[in-house]
Each structure stands twice: as C-alpha cells, then as structure tokens.
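Reviewing the structure listed below.
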C-alpha cells in the first residue's frame with residue numbers, strides 16, 4: 001500500500017511538466033483545428049509535442065481547451081485524454097475522459113485528473129495505476145494531494161495479480177499518507193478470490209524510499225517435540241551502511257524451551273569492508289540453563305594496506321549446535337555435524353609485491369569433550385614470508401618463511417615456537433622446454449616449552465628452557481609442458497587447448513632425533529625423507545566469445561595424479577609381518593567446470609597395497625536452464641569420517657518444484673536430517689510446504705560415551721508468499 005502515494009507524487013510532477021507546455025499555446029487564435037505542435041520548453045528537458053483534433057481559447061474566462069484524441073508527449077512521457085483544460089487565471093489543469101498517463105512501463109488510467117499549477121494540489125478520480133517494477137496494480141476511487149508530502153486515498157485497493165480477476169488483494173476505506181513517514185490505513189481487508197478473509201480496524205505502515213525501520217511479518221511454526229512456535233522480528237535501519245534485526249521467538253508451549261531473544265547487526269564501512277554480528281540467548285526451560293550463541297564475521301581493510309578477517313563462533317555448551325541448530329549459520333552447522341568442532345579465527349596482515357605478513361588467532365571448540373582443558377589453541381600465530389625472488393647480481397633465487405606460534409591449553413604442555421626456513425634455488429631451462437630447479441633449505445626451530453610432562457623416551461622432564469632443532473633439506477625438480485590447440489566449436493567454445501605437464505622431483509631430509517622436543521603439530525616431527533615424487537597434470541581450457549566484443553579463456557578441467565617412492569624408510573609397515581611398503585598412496589585431484597550448469601570437484605587417496613581408498617571427497621553441482629538442480633557432497637576418511645549430503649530440486653512445471661535435502665552420517669550409521677517439500681508459484685503469489693525430520697541420532701556421544709537421549713523432531717512449515725509484500729510462514 002505505501003507504493004500508492006509515492007507513485008501519485010511522481011505522476012503529479014509529470015502532469016505539471018506537461019501542463020506548463022500548454023501555456024505557450026495561449027498565443028493561438030481563439031479556435032483552430034490542430035494536428036501536431038512542437039513547442040520548445042527551456043525550463044524542461046526536451047521539447048513538448050501536442051496532438052489534438054481541436055484547440056480553442058476562451059479569452060473572457062481565460063480557459064484553454066484541447067479536445068479530441070489529445071496526446072501530449074515529452075520524451076518517454078505520454079498524456080492522453082479526450083479533453084484537457086487549462087485556466088490561466090486559477091492555474092488549474094484538468095484532464096478528463098479516458099485519461100492515460102504513461103512513462104516507460106508504468107501506466108495510469110483514470111476518469112479525471114485535476115491539478116493546480118501553483119499549489120501543486122490536485123486529485124485523481126477512479127484511477128488505476130500499474131507499475132512495471134514489482135508488477136503492482138493500485139486503484140483508488142479518489143486520491144488527493146493535501147500538501148507537499150501529504151496524501152489521502154479513498155476506496156483504494158492493491159494487488160500484484162491480474163487486475164481483472166485478482167487471486168488476492170487488499171482494500172481500504174481511507175489511507176492517509178505522509179511521505180518519508182507513515183501511512184495510516186483505515187479498515188484494511190484482505191481478499192482471496194473475491195472473498196474477504198482478514199479484517200483489521202486500522203493499520204500503520206512506514207512509507208519511505210530507503211530501508212525502513214519497523215516490525216517484520218511474524219512467522220508461525222509447529223514442532224512435534226515442543227508444539228506451536230512463533231517468530232517475531234523488528235528491523236532497525238540505523239544508517240545507509242548499517243542495520244540491525246531484533247528477534248523475540250517463542251519456542252513451543254509449556255513443553256518448549258521458552259523465549260529466545262536475538263540480535264543481528266550488519267555493517268558495510270566501505271567497499272569490500274563489511275561484517276555481521278549475531279547473538280542469540282535463551283533461558284532454556286527444558287534444560288533449565290541459560291543457552292546462547294555468538295557468531296561474528298568481518299572482512300576488509302583496517303588501516304592503509306593492512307587487512308583483517310574474522311570468523312568467530314562461541315556457544316554456551318556443546319549441545320547448543322543440536323538444540324538450536326536453526327540459529328547456526330550454514331557453514332557452522334556443517335562443521336558441527338561433520339567435523340564435530342567449531343573453530344574461531346581472527347587474522348590479518350598485509351601483502352606486498354614480494355613479501356607477506358600475517359597474524360592469526362585460532363581457538364577450537366572440540367564438541368566431543370565436555371571440558372576443553374586439553375584442547376590446544378594457537379594464540380597467536382605470526383608469519384612473515386619472502387616470496388621467491390632473484391638474489392641481486394646472481395642467477396640464484398631465494399625465499400624465506402618465518403613462523404612464530406604460542407600454544408596454550410589449560411592442561412598439558414604449552415609453549416612458544418619460532419620456525420625459520422630460508423631456501424635458495426637455481427632454476428634452469430634446458431633445450432628451451434625442460435625446466436630444472438634444484439633447491440636447498442635450512443630449517444631452524446626454537447622452542448620455549450612450559451608445563452611439560454616427562455619424556456616417554458628419556459624419562460626426564462623437559463625443562464622450561466630454550467631448545468632447538470636444525471634440519472637441512474634438498475629438492476630438485478624437473479618438468480615440461482606439452483600442448484595442442486584444437487580448432488572447431490565444442491559446447492560454447494570456439495577453440496580449445498589441451499596441456500599435459502609431467503613432473504618429477506627428488507627430496508632429501510636427513511634423519512634428526514626429535515623425540516624430546518615438544519609435540520604441538522606435524523611441524524614438530526619432520527620425518528626422514530629420501531624419496532622421489534612423480535606426477536602428471538592435465539588441463540583443458542577453452543576460448544569463449546563474449547557477448548561484447550572479444551574472447552575470454554576458461555579452464556574446463558584440471559586433473560592431477562601423483563605418487564611417491566621412498567628410498568629410505570617405508571611409508572608404512574604391516575603390523576604382523578613387519579614388511580615395509582615403499583610406495584605412497586596414489587593421490588588424485590579433479591576440477592571440472594565446463595559450463596555454469598556443471599561443477600565437479602574431488603580428491604582421493606588410493607592405497608596400492610591394500611587396494612582400497614584411504615580418503616575420498618567429492619562435491620557435485622548440476623543444474624539446467626529449466627531450474628532442475630542436483631547437489632551431492634560426500635566426505636570419506638577411513639576409520640574417521642563418512643558423510644553424505646544431497647540436495648535435489650525437480651521442476652515439474654514452470655509453476656511447481658519438488659525439492660528434498662538429505663544428510664546422513666554413514667560412519668556413525670545415523671541420519672542427521674531430511675527435508676521434503678514442494679514449491680508452488682503463481683504470477684502474484686506462491687506457497688512452499690516442507691517437512692523436516694531431524695536429529696534422528698539415538699544418543700549424543702562425548703568421548704565415546706553416551707551422555708543424554710536426543711529425541712526425534714519433525715517440523716512442519718508452510719510459507720505463503722504474496723508478490724510485493726513478502727512471505728508469511730507457518
């Protein structure tokens with residue numbers, strides 16, 4: 001409904017511009033037959049064209065009259081009427097008889113349009129307005145302009161359906177509007193197929209061009225576990241670059257958790273610098289505890305060329321991700337379900353052309369343990385990297401990596417570690433086709449441990465003093481690129497190129513005793529290496545003609561496969577026979593994206609001795625121009641993780657979709673959730689029905705021990721959408 005008043009103001013302004021052009025015709029004789037006139041208008045943009053059958057002027061009354069197929073045009077604005085009158089004494093303009101005002105895709109029809117050129121007050125009688133943006137139809141028996149920003153509409157209606165037989169519409173006896181303020185609607189009635197289904201004595205709506213502060217449409221729901229639910233929200237437009245939403249939800253009846261409050265704050269400080277903060281709180285009547293979740297994201301510059309990014313998730317208890325999963329961001333929900341952890345990171349730094357500086361704080365919330373006394377945290381990590389660059393006045397290249405980390409936890413060894421790793425290389429090009437690059441490096445690692453236990457090897461307690469480790473390394477690699485360009489159209493590609501890049505490298509790292517060093521992560525145990533690695537990379541890229549002039553190159557597929565062979569220690573040994581296996585797993589990676597409708601990514605690790613997969617991950621997204629879509633995600637790590645997530649959308653007709661999502665933990669043999677539903681769409685309304693069956697795990701496990709029973713829960717949702725107004729959820 002607020003759109004009515006804004007459009008009326010716009011149309012009055014258009015009519016005013018056109019009516020002013022008529023004043024130039026006062027110099028005509030008292031009566032004449034006219035076909036078409038072009039009148040220059042210095043105060044308007046462009047000339048005004050007037051066409052009519054008859055033009056007359058009553059000098060006594062000071063009234064100008066154009067009759068018979070009157071059409072006044074300025075640019076894209078067209079005013080048509082049977083009769084147009086202009087009173088030069090009162091400055092009143094009146095258009096009557098099949099009045100039509102057009103601009104672009106907007107269309108106004110009325111029986112009579114009146115306007116005073118001096119006061120700009122006026123009215124429209126029996127008007128119907130269509131706006132192409134939003135497909136709005138707005139009618140009014142009478143609409144008046146009462147002031148610069150004040151309007152009144154009598155007997156108005158609003159719909160986005162076909163105006164002749166609307167599926168739904170709102171009507172109102174009277175609407176008082178103040179632009180950039182509020183609209184007071186008296187007696188609004190909601191109709192479905194001409195049948196009144198909802199009446200409200202009075203309603204107040206904000207009428208603003210920008211984002212507007214106000215209550216959002218409440219949503220209703222029903223849970224098989226807790227009963228009826230209601231979700232309410234209040235939106236606050238703080239400024240052009242920031243806003244907030246406040247929530248007050250009732251989760252169930254007496255069986256439910258009670259009230260859940262929340263706030264979401266969003267900001268965009270400047271281009272590519274934005275963020276979002278979410279906080280939810282519930283005085284849980286089921287668990288009789290205060291439950292809450294805090295989620296924060298930020299990206300962008302902070303000072304000069306320095307940048308910062310943050311992705312923080314903090315919850316009151318580990319079970320929050322189960323009991324309040326609908327409040328978790330999607331990416332956090334996936335981590336909680338598959339990795340059983342939430343990781344919060346804050347990092348920032350600066351990138352130069354040849355150097356990078358990075359600082360990071362990382363805190364992990366392990367959802368498999370009740371207390372996090374032994375969970376290792378990195379607070380902070382500082383890195384300085386010198387990218388590979390030429391050494392002045394020599395054919396050599398150098399690179400340098402510096403890494404400082406402070407490790408902390410409540411129980412167990414803590415400490416600080418400084419790792420320095422400079423490298424020197426000498427790239428060569430043989431026969432203009434074969435690249436050979438030997439490289440030597442030296443790693444110096446310094447430790448300052450604290451709260452250290454006794455060494456399992458020497459039995460002595462590691463002292464809280466500096467200790468160090470020195471390890472040299474050597475690598476030589478060689479590679480070449482073979483390629484061919486193919487002419488001829490294939491899919492959307494005018495021509496395409498296939499490249500093969502074989503590569504072989506040798507790495508040597510001597511054996512160094514590291515048993516008495518602290519063990520924080522893999523960097524603290526660098527294995528003796530005497531191995532050769534060989535691999536093959538295949539790429540296919542294509543040349544696509546752009547809609548504008550020119551071409552663009554897109555990589556269609558990239559497939560790599562590699563394996564290593566150890567001349568030193570075996571990669572693994574059989575427990576019973578003690579037989580060593582010197583070939584590593586075969587690793588393969590695939591990236592396939594030939595069109596916007598096909599996207600496949602995957603990787604695997606294959607054990608050639610046991611002839612099975614040690615790891616396999618694949619993500620597939622398929623779609624078509626009709627609207628059908630299939631998403632498949634599978635994660636597998638032997639004896640650790642095996643999950644599958646499926647999303648399907650089938651377009652039965654242009655107006656009907658069937659959809660389903662399914663998440664299953666194969667490793668633990670439990671279904672996480674499944675959703676089934678349909679989405680019906682009409683031109684001016686839609687309905688979405690879904691059933692979600694979630695939390696079908698019989699028990700919550702912590703350190704392999706059942707902690708509490710988790711009951712199944714089924715949510716029923718019906719969401720009705722009225723085009724132009726939003727959605728009402730049930």
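Laid out as a table, the results:
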quantity: Flag for residue 393 being farther than 30 Å from residue 315 by Cα and surrounded by fewer than 16 Cβ atoms within 10 Å (Cβ to Cβ); calculated: yes
quantity: Among the candidates 319, 336, residue that is touching a residue at least 24 places away in the same chain (Cβ under 8 Å), touching a helix residue (DSSP H, G or I) at 6+ places or on another chain (Cβ under 9 Å) and surrounded by 18 or more Cβ atoms within 10 Å (Cβ to Cβ); calculated: 336
quantity: Residue count for the stretch 286-338, restricted to those that are assigned to a strand (DSSP E or B) and more than 16 Å from the chain's Cα centre (by Cα); calculated: 19
quantity: Hey, residue 394 touching a residue at least 24 places away in the same chain (Cβ under 8 Å), part of a loop (DSSP other than H, G, I, E, B) and farther than 26 Å from residue 515 by Cβ or not; calculated: no
quantity: Residue 93, sole failed condition from (1) touching a residue at least 24 places away in the same chain (Cβ under 8 Å); (2) farther than 20 Å from residue 143 by Cβ; (3) not in a loop (DSSP other than H, G, I, E, B); calculated: (2)
quantity: Output for the stretch 185-201, where each listed residue is assigned to a strand (DSSP E or B) and under 10 Å from residue 173 (Cβ atoms); calculated: 185, 186, 189
quantity: Options 564, 577; residue that is outside any strand (DSSP E or B) and out of contact with any helix residue (DSSP H, G or I) (no Cβ under 8 Å at 6 or more places or on another chain); calculated: 577
quantity: Looking only at the stretch 131-153, and only at residues there that are part of a strand (DSSP E or B) and surrounded by fewer than 16 Cβ atoms within 10 Å (Cβ to Cβ), the one that is modelled with the highest pLDDT; calculated: 141
quantity: Scope the stretch 665-695; condition part of a loop (DSSP other than H, G, I, E, B), buried (at least 17 other Cβ atoms within 10 Å of the Cβ) and free of Cβ contacts under 8 Å to residues at least 40 places away in the same chain; matching residues; calculated: none
quantity: Residue list for the stretch 108-129, restricted to those being over 14 Å from residue 142 (Cα atoms) and buried (at least 16 other Cβ atoms within 10 Å of the Cβ); calculated: 116, 117, 120
quantity: From 541, 595, 577, residue being over 22 Å from residue 441 (Cβ atoms) and without any contact (Cβ under 8 Å) to a residue 24 or more places away in the chain; calculated: 577
quantity: Residue in the stretch 113-130 that is farthest from residue 685 (Cα to Cα), counting only those that are modelled with pLDDT under 85 and touching a helix residue (DSSP H, G or I) at 6+ places or on another chain (Cβ under 8 Å); calculated: 117
quantity: Selection count, the stretch 417-451, where residues are surrounded by fewer than 17 Cβ atoms within 10 Å (Cβ to Cβ) and under 30 Å from residue 371 (Cβ atoms); calculated: 3
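The values are calculated or read from the model by the stated rules, or taken from the named source; none is laboratory data. Just so it is clear, the model here is predicted, and its values are computed rather than measured. Because the Cβ atoms are built from the backbone with ideal geometry, glycine has one as well, and the counts that use them run over all protein chains shown.
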